[in-house]
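Please treat every number below as a calculation from the coordinates, not as lab data. What you are looking at is a predicted structure, and each value in this text was computed from that prediction instead of being measured. So basically every Cβ, Gly included, is an ideal-geometry build from the backbone, and we count neighbours across all protein chains shown.
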Amino acid sequence: MNAIAVVFMLLMLPSLTPGCRQLHADRLVPLAIAVVMVLPMAGVAAQPQPPLRDLASARGIAVGTAVAAGPLRDNESYRDRLGAEFGSVTPEDALKWSAVEPARGQYDFTDADRIVDFAVQHGQAVRGHTLVWHLSLPEWLTGGGFGVTELRGILKTHIETVLTRYRGRIAVWDIANEVLAEDGTLRRGFWLDRLGPDYLAEAFRWARAADPQARLYLNEYGAEHAGAKADGLRALVRDLKAQGVPIDGVGFQTHVRSSTSLSELGDVMRHFAQLGVDVAITELDVRVPLPADAVSLGRQAEVYAHAARVCLSAPRCRSITVWGFTDAVSWIPDYYFGYGAATLLDATLAAKPAYHRLTCALAAAPTRRCLWQVA
Ligand code: 9MR
């Protein structure tokens, strides 16, 4: 037993009734004095848990979240937690084509502006998401029967309009999203089918011209582990770079289950850094079978912590973005039957084990201790 523990016990002695070890109200004062005296001696200062954004920035990365426009507008607790906790935000849906340009040439930036304004007011970075995707496209576009030349012009104008509007306020963009099929070849879909493979290089070039300062990313899911998709993504990035296409980063979405191992993600990221691009975890969530129990939530917590450790140790990993921060606002239950509880906070915004484990993973610099860790 060390000296600190001995002092602590001696100081606490009067507070305890011999025999039943029950705390007496009139003896709380010596106990309080004991705690105040001994904790600093043990290096345990009574400090509040720092928010994720501070812990992350102290380690040189950002922790962000997807933001839904509805709750941001309507829910004060959602706003408060968002502003306090995160250093970066990604509009979950507000910058998708169907939201931004619901009719040709008629732009609606209401929701996106609300999110970007909030971010600017709260000193948060913004990840723009997303310009070239085969989903969330409006009917006028997919059903318009446009020829190649006209469609290229439509895409170019859309990219220029959106990037120009947010120049200086959105520093990172997911220019293209989910462009690969599971076998690692370019995905068949609206853009490839209509414009051919050059659409991708052109999109990045138009984006660079519209906002030369912005960091331009390719965002993908299912490439978090070694395999055909990660290989295809690497070949694609290598090819784009060889053509001089201005691509600055690759985003790994990381929508996973609590049973998923992310053991290969660090190596995959390293390979991309070797190609000369930044990497980021862009849409992390960890779904569990419902009803969630202590075991699955514990596993989920470990996956979140592991993801943070991977990003902290991988070269050029700039940020971790979670895809929603409360179970009250998450896409998972709508898309994965029988699954949910995928985020850091429960539906009442109370911290889950995943939140605590993430803070600890972020805080684990050699000179700092995670004083608030839960068992
Ligand atoms: O979470 C998003 C959900 O609200 C939308 O309905 C859906 C379709 O636009 O997109 C979800 O976000 C996706 C993201 O944009 C790209 N990667 C997969 C995400 C989950 O489907």
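Is the stretch 149-193 rounded, prolate or oblate when judged by the Cα gyration tensor, a ≥ b ≥ c being the square roots of its eigenvalues, rounded requiring a/c under 1.5 and prolate requiring a/b larger than b/c?
Oblate is the answer for the stretch 149-193, as a/c is 1.5 or above yet b/c matches or exceeds a/b.
Assign one of three labels to the stretch 136-292, namely rounded, prolate or oblate, based on the Cα gyration tensor with a ≥ b ≥ c the square roots of its eigenvalues; rounded applies when a/c is under 1.5, prolate when it is not and a/b is larger than b/c, and oblate otherwise.
It is prolate, given that a/c is not under 1.5 and a/b is the larger ratio.
Report the extension gain between residue 213 and residue 171 in nm, rounded to one decimal, defined as 0.36 nm multiplied by the number of residues separating them, less their alpha carbon distance.
14.4 nm
Hey, rough spin-label estimate for residue 142 and residue 117, points 7 angstrom out along Cα→Cβ, what's it come to in nanometres?
Placing both labels 7 Å along Cα→Cβ, they lie 3.1 nm apart.
Please work out the C-alpha center-to-center distance from the stretch 190-207 to the stretch 264-296 and express it in whole Å.
27
Under a Cβ-only charge scheme (Lys and Arg +1, Asp and Glu -1), can you give me the dipole magnitude of the stretch 181-271 about the Cα centre, in debye to the nearest 20?
Roughly 140 debye, rounded to the nearest 20.
Enter the mean projected area of the convex hull around the alpha-carbon atoms of the stretch 42-120, in nm², rounded to one decimal.
Mean orientational projected area (the stretch 42-120, Cα hull): 6.8 nm².
Sort 283, 302 by Cβ crowding within 10 Å, fewest neighbours at the top.
302, 283
Give me the net charge of residue 210's neighbourhood, meaning all other residues with Cβ under 13 Å from the Cβ of residue 210; Lys, Arg count +1, Asp, Glu -1.
Charge balance in the 13 Å sphere: +2.
In debye to the nearest 20, how big a dipole does the stretch 274-366 give about its Cα centre with +1 on each Lys and Arg Cβ and -1 on each Asp and Glu Cβ?
Taking the Cα centre of the stretch 274-366 as origin, the dipole is about 320 debye.
Using per-residue counts of other Cβ atoms within 10 Å, averaged over each peptide, order 66-75, 212-221 from highest down.
212-221, 66-75
Relative contact order for the stretch 177-306 using alpha-carbon pairs under 8 Å, separation at least 6, rounded to a whole percent?
So the answer I get is 23 percent.
Out of the stretch 256-339, which chymotrypsin sites (Phe, Trp or Tyr not before Pro) are coil in DSSP terms and have no more than 10 other C-beta atoms within 10 Å?
Of the chymotrypsin sites (Phe, Trp or Tyr not before Pro), the ones in loops of the stretch 256-339 whose Cβ has at most 10 other Cβ atoms within 10 Å are 337.
Is the stretch 304-349 best put as rounded, prolate or oblate by its Cα gyration tensor, with a ≥ b ≥ c the root eigenvalues, rounded for a/c under 1.5, and otherwise prolate when a/b is larger than b/c, oblate when not?
It comes out prolate by the Cα gyration axes.
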